[in-house]
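I have placed the structure first, in the form of structure tokens, so that the comments after it can refer back to it.
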């Protein structure tokens, strides 16, 4: 519990963060930037898990545990994404989205 | 009277046709000629036998010639309407049998000489047999539909025979024209038949023609645009007849039909097929006469009279002898129509009908003779044009004499055949309608004039230089000429009014001396004029032609009817209807269908852009969709 | 005091998040992300989830950020300015996001959360035993799965990143 | 095995054997044998039918009923009356002639003959079905091989034509399916189970509102394949691109499915709808009749001429069906048969001319009568048959149509009738035009002097088609009476 701060305010922050991530994901033209946006989205949701756990069900641990899982998955995902990006870069010398469109053909 | 053997008369030519047609390649030409001639000889014998039996052995019962018929159902339309096939024996059909047989037999014999060496010899005889079969079927028809069936068959035989020289462009065009113009007329005929079938419930001649029958008594039952439907039907049927008989304005095919071999012209386009129209009107004469006081019959009379005059004027100016004869035929057919048109029904009233049939009979003889004679001449000089002929009387005595007889006959010089029949026609016209009578007399004069114009042109006048000396045709060709000449002289003495009349009762015909004198006088004037103009080569004719100026030009160009029809057919139907329709079909109808297809492809191409393969676009759609759905479910439909 | 801290952290999170998604230099946006992550760790400290905060710092701020920075350095020229989306697209996206924010916030605010006042702090031991517990509510199975996933991801990452450069060879051969 | 199912089984067996053939010789031998057996069965069926009819007064005879999809009450119900018997005979003859005409099909012969016979299965099945759904299935079976046959063995813009044809027919099928389902879901007006059986549905009184709604759908769905204006445009392109045998089968048989379907389904099951809508379809069909004929005048490609002539002739079929009386219907069926034989013959001849001269452009042809007399003479005969000359089947059919149409009183009907009668003139124009330009006249190209003479198999195929044309034309009574008798129950349903 944060003294004087209701759950609404925290959720507001995470919502804003989430949509900033979405915005970034949709507008950035670069794979790494998109990855960064995804991290933002993930973090927004992690915070939600944690906060709801803390505020609504303080005697439980599920939220926290899920947060850990999400962080772990995020780490794995990032590692894979990065490796793909690097591989892609080797192949086409670019990490711009528009250059990766060859994949759809 | 037993009429069953009459069925053989048409069957024999049919069998000959099938034989010659199927084994076309295998039969030697000489044999095929004999097969044709002997087949027809059998038919002719039977025809004469039938005529003898009918008129003399069986004769009249209660003063009236009986009608015999035998028929079997060929196809059912409804419970009442059906097409029968059968034979109908009455005075005109027996008379027509004789006419067709005689002329056809002569033409068959003649063709053996005329067509000698032609590669399509067998084919020619096959077609002739087909035609003869169809013509027999036509004259023996028991009902309107049967007559229509054979009507079409003679049409197609005519087509095949006109187009016999199928490598000649003119012949192809002429054949096509003949078929299509008559087909157009048949369109009217068919509609007429349909009307009659619907309103009277029968196609059968005996029922239709019965003066006491319900058809004639109830003609006024339904009317359309001021006339009874039956009158309309008769007018339409007359259009069909006018097409076949080359009445104005459906005459344009006949002169062109002369592109066919000359025997064909003699048989089909002079003696038999073209009189089918006259025969048709005669066949339905009681209907024409009784329905609506003969309204339709008046039309027949005027059309006939006008055609007679019109054709005679054109005939004067033509230089192709076959065309002169063609217009002469048209003119004489007009005469026959005219006679039917002014005829009454009973007793001496029916003199027009009798005269028409009589003229049909005599005309068949002398016109066939004229054509065959012309064919003989053409055979000798290898040209159709007057300018290539002259002074042939020395080389071709038989042809000369027979042609002269025929010309005198058609000019109406007594006592040849044409005199008697023409006289009766003029009597009928005089009694009925003075205007038509005057036209008739004038045409008689014109006929004599143009006939002798070509006679003098061919056999007299200056000799031309010929490639090789013209010589008389072989016996196979001259024999028919002699036979026909004999008939042209004697046919007039047949007491026709005893046998062939509208009411089938017969009457005493008397020569009307004043009228006969007038007609003969006019004919002689025509001959004398022709003598003056054409006996020796002189410039008189040219000067007079100049004097008439544009009239002469119009007449020699056949009053531009060909051009008008060509304009309608080519410029209007072809260019303004057919071509736009074809384009319309390609562009709009097909275009619409193709357009629908193309639009689908186009739309799909556009929609395809949505499926871009870009994750961001999908994500955007996803987010936007979620937001919209959320909005919808939260605010629009909260529950 | 905590309130102020929270507002500061919230402010940092929002501002740097925006900066991270709008900066035209890639390395900078990574660093901005780092700030955001650290602030989130601060949030965890504020609600007494120290263990989580530590993880956030080590794994995220420490591990992932470093990874991203490496990759940026590997594939990118530092001075390169990033391409931005078309203005129209930016505006539309922004509008959609704003509407989304609006929708979600109204939903959140219209919902009455049953908040339980508490001061419980989670110890690392609690989390540890929960993760490895076989009992009801234990997370041993997901934990194992996650471990395998992580391992697989790691191996996969290595293999993918190593690559074979097959196509390049082929291209050369063709050239 | 009952006498009708054999019509499905024998072709299937033929196909099974065909699969194991290795070359053209074997393939065509098997096909010829198979089609000959089918023809034998069809002829046998005619006699069996006449015999059965004498003692059996049901609407359909030789019926058989097997459920094949219980849930929707779909049956494999088959049976024939005089009309289907006649059409089956037509199909058998045209298929056999088609096989003979494809004697020299060197490209993928096995596949070609298999597709051809699959098509014939569809047609046979269509003609013997009494169950709407089964009928529809066979309809589709008949349509789909067309795509392959034109797309693979065609000439010219074949993919385009094949696609156009298939799409338009499929579009029509979609409309038709809606119509059929509409009928199905209203087939229990008197209560009871929904049914696809035509005879059962005919007994139920489908409400007028429903008929009004679904008649146009059913009619158009079938009429598209019967080349109803303005949905005819697939046919010229399709015919032009199709190989000879396919054109024959298509114009000769497949297009008949339209008229037959209209008659069997639209008219029979939805008579009040037919009465309600007939005026608009009469207008369309009369336009089709006259318009097709006028279009044909202008074409220079033989196949296009023939295709437009088909539009005109089949327009008459639809026109006659809409006249709603026995005579006109008899005419419609006869016209279907007659047109089937005639166009098949035409396309066969066109194929022969094309295979010799390598052109179908009549302006490039000329004087063929001299060089290939047999083919040319038959072409003239076919032309004369097509323009309705007495002695050929066309005349018999047309006269029935015209007399029947004239039974309908009223100015509108009269005008429509007279317009459609006028086609006898226009037909003469385009037929004689072709004959004049192509067969008569001087020989336009020296290479024509050495054209190959007609071969025995071509002769056989031609005669096979010519005999029925002349047969019907000379002695129409037995056929026309057989059809008239079968029409009786239908006309009673209408009144």
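Observations on the structure shown:
- The range A:7-94: relative contact order as a whole-number percent, Cα under 8 Å and 6+ apart: 25 percent
- Shape of the range C:1-82 from the C-alpha gyration tensor: oblate (a/c of 1.5 or more and a/b not above b/c, with a ≥ b ≥ c the square roots of its eigenvalues).
- When the Cα convex hull of the range D:14-146 is projected onto planes of every orientation, the mean area is 8.6 nm².
- For chain B, the longest principal axis of the Cα atoms and the long axis of helix B:615-631 meet at an angle of about 80 degrees.
- For peptide C:29-35, the mean count of partner chain Cβ atoms within 10 Å of a residue's Cβ comes to 3.
- Residue by residue along C:97-110, Cβ atoms of other protein chains within 10 Å of the local Cβ number 6 on average.
- Rounded to whole Å, the principal axis extents of the Cα atoms in the protein assembly as shown read 151, 73, 63, largest first.
- Note on chain C: Cα convex hull, mean projected area over all directions, 16.2 nm².
- Two-site FRET efficiency, residue D:108 against residue B:583, from Cβ-Cβ distance with R₀ of 30 Å, rounded to 0.05: 0.20
- Burial order of peptide ranges D:374-380, D:35-41 (average beta-carbon count within 10 Å, highest first): D:374-380, D:35-41
- The angle between the Cα long axis of helix A:62-92 and the main principal axis of chain A comes to about 10°, on a 0 to 90 degree scale.
- Kirkwood hydrodynamic radius over Cα pairs of the range B:563-636, then Stokes diffusion coefficient at 20 °C and 1.002 mPa s, in µm²/s: 124 µm²/s
- Equivalent ellipsoid, the range B:421-477 (semi-axes from 5 times Cα gyration tensor eigenvalues, Å): 39, 15, 6
- Shown for D:2, C:48: other C-beta atoms within 10 Å of each C-beta, ranked fewest to most, produce the order D:2, C:48.
- Part-to-part distance (alpha-carbon centres) for the range B:283-362 and the range B:203-226, which is given in Å: 24 Å
- For residues of B:187-198, the mean tally of beta carbons on other chains within 10 Å: 4
- The residues B:528, A:50, D:19, when put in order of fewest to most other Cβ atoms within 10 Å, stand as D:19, B:528, A:50.
- Alpha-carbon centroid distance for the pair the range B:7-77 / the range B:445-516, whole angstrom: 26 Å
- The percentage of C-alpha pairs in chain D whose separation is greater than 40 Å is 15%.
- Two-site FRET efficiency, residue C:125 against residue B:610, from Cβ-Cβ distance with R₀ of 45 Å, rounded to 0.05: 0.25
- Packing, taken as the mean count of other beta carbons within 10 Å per residue, orders the peptides B:152-160, A:77-85 from highest to lowest as B:152-160, A:77-85.
- Sequence of B:565, A:8, B:335 once ranked by neighbouring C-beta atoms within 10 Å, starting from the fewest: A:8, B:565, B:335
- A Förster radius of 30 Å combined with the Cβ-Cβ distance from residue B:293 to residue B:224 puts the calculated FRET efficiency at roughly 0.95.
- By the equivalent-ellipsoid construction on the alpha carbon gyration tensor, the range D:121-218 comes out with semi-axes of 33, 15, 7 Å, ordered largest to smallest.
- The Cα-based radius of gyration and maximum Cα-Cα distance (Dmax) for the range A:7-94 are 15.6, 52 Å.
- The alpha-carbon atoms of chain B define a convex hull whose volume equals 254 cubic angstrom per residue.
- Prolate/oblate/rounded label for the range B:111-269 (Cα gyration tensor, a/c 1.5): prolate
- For the range D:217-257: rounded, prolate or oblate by the Cα gyration tensor [a/c cutoff 1.5]: oblate
- Size descriptor, Kirkwood hydrodynamic radius, that averages inverse alpha-carbon separations across the range C:73-114, Å: 13.5 Å
- When you restrict to C-alpha pairs under 8 Å that are six or more residues apart and normalise by the size of chain B, the relative contact order lands at 12 percent.
- Average 1/r across all pairs of distinct alpha carbons in the range D:337-495, invert it, and you get the Kirkwood radius: 17.5 Å.
- On Cα atoms only, tilt of D:373-386 relative to the major axis of chain D in degrees: 30 degrees
- Relative contact order [Cα under 8 Å, 6+ residues apart], chain D, whole percent: 15 percent
A short reminder: the numbers here are calculations on the coordinates, not readings from a lab. Quick caveat: nothing in here was measured; it's all calculated off a predicted structure. Glycine gets a Cβ as well: all are built from the backbone with ideal geometry, and neighbour counts include every protein chain shown.
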